[in-house]
Amino acid sequence: MKQLKKKVQGAWERIICSRAAQKGVLALTALTVSVGETMAASKGAAGFTKATQEVSSYQTPVSNLMKAIAAVIVLVGAFNVYFKMQNGDQDVKKTIMMTIGGCIAFIALSEALPLFFK
């Protein structure tokens, strides 16, 4: 079994180390790289243009979704402030500021979103 393994290994090394095999592998690699670069150059610009148009088409729905999330933040925050005021909690101001801050952040982000696509 060991002799067979040595014969196979020796034959494999002769095939890999032969000059013709090295030239063949080099030619195949060069052909593959050149074909890949040609295909990427021809379809790359069109792909980027299509991707930009696809992402830009989501701009308005995402902006509207962010405004809806801001409205939900305001409603939940208003109920939270109301219940804290009824219970006499000390951190009512903090809750009001956090609610207003979250709402302003979402509104500002929804208005700034179109600027990323110009």
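The values are calculated or read from the model by the stated rules, or taken from the named source; none is laboratory data. Only a predicted model underlies this, so the values are computations on that prediction, with no experimental measurement involved. With ideal geometry, Cβ positions are generated from the backbone for all residues, glycine too; neighbour counts draw on all protein chains shown.
Structural remarks
- Any hit, the stretch 42-64, residues being more than 23 Å from residue 103 (Cβ to Cβ) and at pLDDT below 65: yes
- So residue 105, is it modelled with pLDDT of 90 or more, surrounded by 11 or more Cβ atoms within 10 Å (Cβ to Cβ) and more than 24 Å from the chain's Cα centre (by Cα): no
- Top-ranked residue in the stretch 53-63 [being without any contact (Cβ under 8 Å) to a residue 12 or more places away in the chain and in a helix (DSSP H, G or I); ranked as nearest to the chain's Cα centre (by Cα)]: 54
- Listed by first and then second residue, the pairs with beta-carbon distance under 6 Å, at least 6 apart or on different chains, first residue in the stretch 65-87 and assigned by TED's automatic domain parsing to the domain that holds residue 104, second polar (S, T, N, Q), are 66/110; 67/110; 77/99; 80/95; 81/95; 84/95.
- Within the stretch 67-100, the set of residues being outside any helix (DSSP H, G or I) and surrounded by fewer than 12 Cβ atoms within 10 Å (Cβ to Cβ) comprises 88, 90, 91.
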